[in-house]
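*Asks:* I'd like to ask some things about the structure below.
The values are calculated or read from the model by the stated rules, or taken from the named source; none is laboratory data. Worth saying up front: this structure is predicted, and the values here are computed from it rather than measured. When we count neighbours, we look across all protein chains shown, and the Cβ atoms used for this are built from the backbone with ideal geometry, even at glycine. Accessible surface areas use protein heavy atoms only, side chains included; no ligands, DNA or RNA. Shrake-Rupley method; radii C 1.70, N 1.55, O 1.52, S 1.80 Å.
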Amino acid sequence: MTGSVVACWDGAVHRLWPVDRVSPGQTEVGVVDDTELEALYAYPDGLDRAWTQVNFVSSADGAVAVDGKSAGLSSPADKRIFALGRDLADVVLVGWGTARDEGYRGVKRTEVRTRRRTALGLSAVPPIAVVTGRCSIGPDSPLLTDTLVPPIVVTTESAPTTRRAALVDAGADVVVAGDDRVDLAAALAALSDRGLRRVSCEGGPTLFGDLIAADLVDQLCLTVAPLLAGGRERRIAVGAPPVAPARMELASVLAEDGFLMLRYRRGGAA
């Protein structure tokens, strides 16, 4: 990263503003390098269940997209942290609507990704797990035709058997979790049974809302863009409310070029 960086974690401020704007008693800014980022965003050790991190970007007024896509809200720093989420994860979880609208393909190898994942003893790239209650993804989707590893398709018992069979024939790992609606707790348990416990969820808003309602979010990585988008875009989570809001703790803050990268972790989440 370049430019001004603010960072705090574990309740202590470690990075402040540039020295020409430092007030008495403050300390000089330092740039957070890759090693620090990897330590900051690392998953807990010794996981015995699926641990779910959700990644989102929004405008300062709460819009989740510009012209229907999140790319209009992103920045180089946000993209770097987004890529880091994939680098450290066992599996990428995404709703079919987001995967379709954002043109998802399989995760690709990069030099940095290979180094990170090799050091952690992870597979070359994480599979993408797509949530689709009606099994709406087709066997000709780039998620199946342009990927290094087969995707996981999370669907329901009521999804057409012909669609499920076509995806199996195309190489997908089809997970049935729930009867008429996807049971996300069962889906995450199935991922855990496959040894996929570091879960990086990339949306969209409906999937995030369902995870909140089911009390399954351990960490939220939220980038706030210095933009006022207006319009009728949705917020980052939509759907039925939980029984009670989940209390999150602010674990770290990074800033670059007016973008805030916030990390909220559930108290005691491990």
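*Asks:* Going through segment 96-112 one residue at a time, which ones are within 18 Å of Gly204 (Cβ to Cβ) and open to solvent by 10 Å² or more (accessible area, probe 1.4 Å)?
*Replies:* Passing the criteria: Trp96, Gly97, Thr98, Arg100, Asp101, Glu102, Gly103, Tyr104, Arg105.
*Asks:* Follow-up question, since we're still on this one. Name the residues in segment 61-114 that are aromatic (Phe, Trp, Tyr) and touching a Pro at 6+ places or on another chain (Cβ under 9 Å), would you?
*Replies:* Answer for segment 61-114, where residues must be aromatic (Phe, Trp, Tyr) and touching a Pro at 6+ places or on another chain (Cβ under 9 Å): just Tyr104.
*Asks:* Can you work out which of the residues in segment 114-148 that are over 25 Å from Pro44 (Cα atoms) and in contact with a strand residue (DSSP E or B) (Cβ under 8 Å, 6 or more places away or on another chain) is surrounded by the most Cβ atoms within 10 Å (Cβ to Cβ)?
*Replies:* Among those that are over 25 Å from Pro44 (Cα atoms) and in contact with a strand residue (DSSP E or B) (Cβ under 8 Å, 6 or more places away or on another chain), it is Leu143.
*Asks:* Now for a separate question. With respect to Ala269, determine if the residue is over 16 Å from Thr52 (Cα atoms), in a loop (DSSP other than H, G, I, E, B) and at pLDDT below 95. Can you show your working first?
*Replies:* Working: over 16 Å from Thr52 (Cα atoms): no; in a loop (DSSP other than H, G, I, E, B): yes; at pLDDT below 95: yes.
Answer is no for this residue.
*Asks:* Within the bounds of segment 149-157, is there any residue that is of a type in the set (S, T, N, Q) and open to solvent by 20 Å² or more (accessible area, probe 1.4 Å)?
*Replies:* no
*Asks:* Would you be able to tell me the number of residues in segment 227-256 that are under 19 Å from Val66 (Cβ atoms) and surrounded by fewer than 13 Cβ atoms within 10 Å (Cβ to Cβ)?
*Replies:* So the answer is 4.
*Asks:* Does any residue of segment 217-232 turn out to be small (Gly, Ala, Ser), in contact (Cβ under 8 Å) with a residue 40 or more places away in the chain, more than 21 Å from Tyr104 (Cβ to Cβ) and assigned to a helix (DSSP H, G or I)?
*Replies:* Within segment 217-232, not a single residue is small (Gly, Ala, Ser), in contact (Cβ under 8 Å) with a residue 40 or more places away in the chain, more than 21 Å from Tyr104 (Cβ to Cβ) and assigned to a helix (DSSP H, G or I).
*Asks:* Spot the failing condition for Gly204; the list is (1) at pLDDT 95 or above; (2) crowded, with 23+ Cβ neighbours inside 10 Å, and only one is missed.
*Replies:* (1)
*Asks:* Which one of the conditions (1) out of contact with any strand residue (DSSP E or B) (no Cβ under 7 Å at 6 or more places or on another chain); (2) of a type in the set (A, V, I, L, M); (3) over 22 Å from Thr132 (Cβ atoms) does Ala240 fail to meet, given that it meets all the rest?
*Replies:* (3) is the only condition that Ala240 fails.
*Asks:* For segment 217-238: of the residues being within 18 Å of the chain's Cα centre (by Cα) and over 24 Å from Ala83 (Cβ atoms), which is modelled with the lowest pLDDT?
*Replies:* If we take residues in segment 217-238 being within 18 Å of the chain's Cα centre (by Cα) and over 24 Å from Ala83 (Cβ atoms), then Arg234 is modelled with the lowest pLDDT.
*Asks:* Can I ask one more? Which residues, counting only those in segment 211-226, are of a type in the set (Gly, Ala, Ser) and open to solvent by less than 40 Å² (accessible area, probe 1.4 Å)?
*Replies:* Ala225 - this is the single residue of segment 211-226 that is of a type in the set (Gly, Ala, Ser) and open to solvent by less than 40 Å² (accessible area, probe 1.4 Å).
*Asks:* Still on this model: Tell me the strands (runs of 3 or more DSSP E) entirely within segment 131-211 that contain at least 1 residues that are touching a residue at least 60 places away in the same chain (Cβ under 8 Å).
*Replies:* Working: elements: 152-155, 173-176, 198-201.
Hits in segment 131-211: 152-155, 198-201.
*Asks:* Would you point out which residue out of Val182, Val199, Val174 is touching a helix residue (DSSP H, G or I) at 6+ places or on another chain (Cβ under 6 Å) and open to solvent by less than 50 Å² (accessible area, probe 1.4 Å)?
*Replies:* Details: Val182 fails: touching a helix residue (DSSP H, G or I) at 6+ places or on another chain (Cβ under 6 Å); Val199 fails: touching a helix residue (DSSP H, G or I) at 6+ places or on another chain (Cβ under 6 Å).
Just a single option satisfies the conditions, and that option is Val174.
*Asks:* For segment 58-77, which residues satisfy the criterion of being touching a Phe, Trp or Tyr at 6+ places or on another chain (Cβ under 8 Å), open to solvent by less than 20 Å² (accessible area, probe 1.4 Å) and either small (Gly, Ala, Ser) or at pLDDT 85 or above (or both)?
*Replies:* The answer is Ser75, Ala77.
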